[in-house]
Structures are given as C-alpha cells and as structure tokens.
Amino acid sequence: MLTSFGEIFPGRVVMLDANLFDVVACATGSPSIRSHYCACLELGPRRICWLPVNSGASPGRLPIFREEKRGHPNWVNNPKKRSAQGVSYYHPTQVWALTPETSVLASRHDLSTLASPNLIVPGCLARILSDCARAVEMSHALAPV
C-alpha cells in the first residue's frame, strides 16, 4: 500500500482498486472496473499515468515476463494463472490518468512496501513506454481523477 505520493516512481507497480475512481473519465482504451496491478509510466505533480496489467493473454496484449518483474510473489509469479509461468500482459492503448491522492487511496489492497516495491526492470519499462507512447500522450488530455 502506498502511504504517500513520494513512494511513486516510473516503473513502480501497485494494485489499484478501480472501484474507487471513475475509470471511464481517466482512461484511454477500454477501461475496467476491477482491481489491477498497474505500472507507473509517467509522474507529474497533478497527474500519474498508470498502465493496467492483466493476468491473461488476449488479442492486442503484450507480455511482461517474470524475469522483468521484481517484488511481491503475487506480482512476480502471477499465481492466478499458473500456466502463465509468471507472465503478465498489458494493452498498449490503455493508460489511466489519476491524481496522486487517488493513486494513494486506490492502493489500499496493495501488498508491496517501499522497502520491497513491486516494479518492472528498466529495460522492460523502456519497451513499455515506447509501446504506450501514443496512449500516454492521449492521457494528457484527460482530467485526472
């Protein structure tokens, strides 16, 4: 769980409860109303761009391999989908724009800590930023919620 804005940085991954904010108002792509692990892609004083990460593959989703993840075993190993062997997936057209306050509040079920944060390794983050550049740019037009 996040306790302050200062614990958020690009590449940090937290579980965000999408029931605590208006996903439709803050999302590019197809928004979801469930809790998701989300990777911070961009950080500003009033806006954080989060990438929802999914446990299963589907058309258009790209992989994040187990070797590219660090942190809590639930994030790294993806135990809900044992057959996935720790692979998670993201859709490059989906980004959520949240305020720092909403981000901290929505992280209440996250099991990581600042001492042992969930994250994606720098090379993976660079690949994701490249894949999601258009969605991040589009999210700048959204009012963060």
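The values are calculated or read from the model by the stated rules, or taken from the named source; none is laboratory data. Given the structure is predicted, the values throughout are model-derived calculations rather than measurements. For neighbour counting, all protein chains shown are included, and Cβ atoms are generated from backbone atoms with ideal geometry for every residue, glycine included.
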Checklist outcome for this item: Selection from the stretch 27-51 of residues of a type in the set (Val, Ile, Thr) and touching a Phe, Trp or Tyr at 6+ places or on another chain (Cβ under 9 Å) yields THR28, ILE48
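Within the stretch 28-57, work out how many residues are among the polar types (S, T, N, Q), touching a His at 6+ places or on another chain (Cβ under 8 Å), part of a loop (DSSP other than H, G, I, E, B) and at pLDDT 90 or above. Give the steps one after another, and end with the answer.
Taking the stretch 28-57 and keeping what is among the polar types (S, T, N, Q), we get 28, 30, 32, 35, 54-55.
This time we only want the ones that are touching a His at 6+ places or on another chain (Cβ under 8 Å), so: 30, 35, 54.
Imposing the further condition that a residue be part of a loop (DSSP other than H, G, I, E, B) reduces the set to 30, 35.
Imposing the further condition that a residue be at pLDDT 90 or above reduces the set to 35.
The qualifying residues number 1.
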Item to check | Residue under evaluation CYS124, criteria (1) crowded, with 20+ Cβ neighbours inside 10 Å; (2) more than 20 Å from ARG34 (Cβ to Cβ), criterion not met | outcome: (1)
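Would you be able to tell me the number of residues in the stretch 43-60 that are without any contact (Cβ under 8 Å) to a residue 60 or more places away in the chain and under 14 Å from the mean Cα position of the chain (by Cα)?
Start the filter on the stretch 43-60 by keeping residues that are without any contact (Cβ under 8 Å) to a residue 60 or more places away in the chain, which leaves 43-45, 50, 52-60.
With the extra rule that they be under 14 Å from the mean Cα position of the chain (by Cα), the set shrinks to 43, 50, 52-55.
Of the residues in that region, 6 qualify.
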Checklist entry - Does the stretch 35-81 hold any residues that are among the polar types (S, T, N, Q) and closer than 26 Å to MET138 by Cβ, and which are they? => result SER35, ASN54, SER55, SER58
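Kindly establish whether SER32 is under 24 Å from GLU137 (Cα atoms) and either touching a strand residue (DSSP E or B) at 6+ places or on another chain (Cβ under 6 Å) or among the polar types (S, T, N, Q) (or both).
Details: under 24 Å from GLU137 (Cα atoms): yes; either touching a strand residue (DSSP E or B) at 6+ places or on another chain (Cβ under 6 Å) or among the polar types (S, T, N, Q) (or both): yes.
Yes.
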Checklist entry - Which condition number does VAL121 fail, the rest of (1) touching a Lys or Arg at 6+ places or on another chain (Cβ under 9 Å); (2) among the aliphatic types (A, V, I, L, M); (3) under 20 Å from ASP17 (Cα atoms) being met? => result (3)
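Would you check if ARG108 is basic (Lys, Arg), out of contact with any His (no Cβ under 8 Å at 6 or more places or on another chain), touching a residue at least 24 places away in the same chain (Cβ under 8 Å) and not in a helix (DSSP H, G or I)?
Details: basic (Lys, Arg): yes; out of contact with any His (no Cβ under 8 Å at 6 or more places or on another chain): yes; touching a residue at least 24 places away in the same chain (Cβ under 8 Å): yes; not in a helix (DSSP H, G or I): yes.
Yes: the conditions hold for ARG108.
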Checklist entry - What tally of residues in the stretch 111-145 results from selecting those that are assigned to a loop (DSSP other than H, G, I, E, B), of a type in the set (Gly, Ala, Ser) and in contact with a strand residue (DSSP E or B) (Cβ under 7 Å, 6 or more places away or on another chain)? => result 1
Next on the checklist: Condition first: assigned to a helix (DSSP H, G or I) and within 12 Å of the chain's Cα centre (by Cα). Can you find one or more residues in the stretch 93-103 that meet it?
Outcome noted: yes
Checklist outcome for this item: Within the stretch 68-88, the residues that are touching a residue at least 24 places away in the same chain (Cβ under 8 Å), charged (D, E, K, R) and either in a helix (DSSP H, G or I) or surrounded by fewer than 19 Cβ atoms within 10 Å (Cβ to Cβ) (or both) are GLU68, ARG70, LYS80, LYS81
Item to check | Residue, nearest to ASP110 (Cα to Cα), within the stretch 1-27, restricted to residues that are in a loop (DSSP other than H, G, I, E, B) and within 13 Å of the chain's Cα centre (by Cα) | outcome: ASP17
Item to check | Of the criteria (1) under 22 Å from LEU20 (Cα atoms); (2) surrounded by 14 or more Cβ atoms within 10 Å (Cβ to Cβ), which one HIS109 fails | outcome: (2)
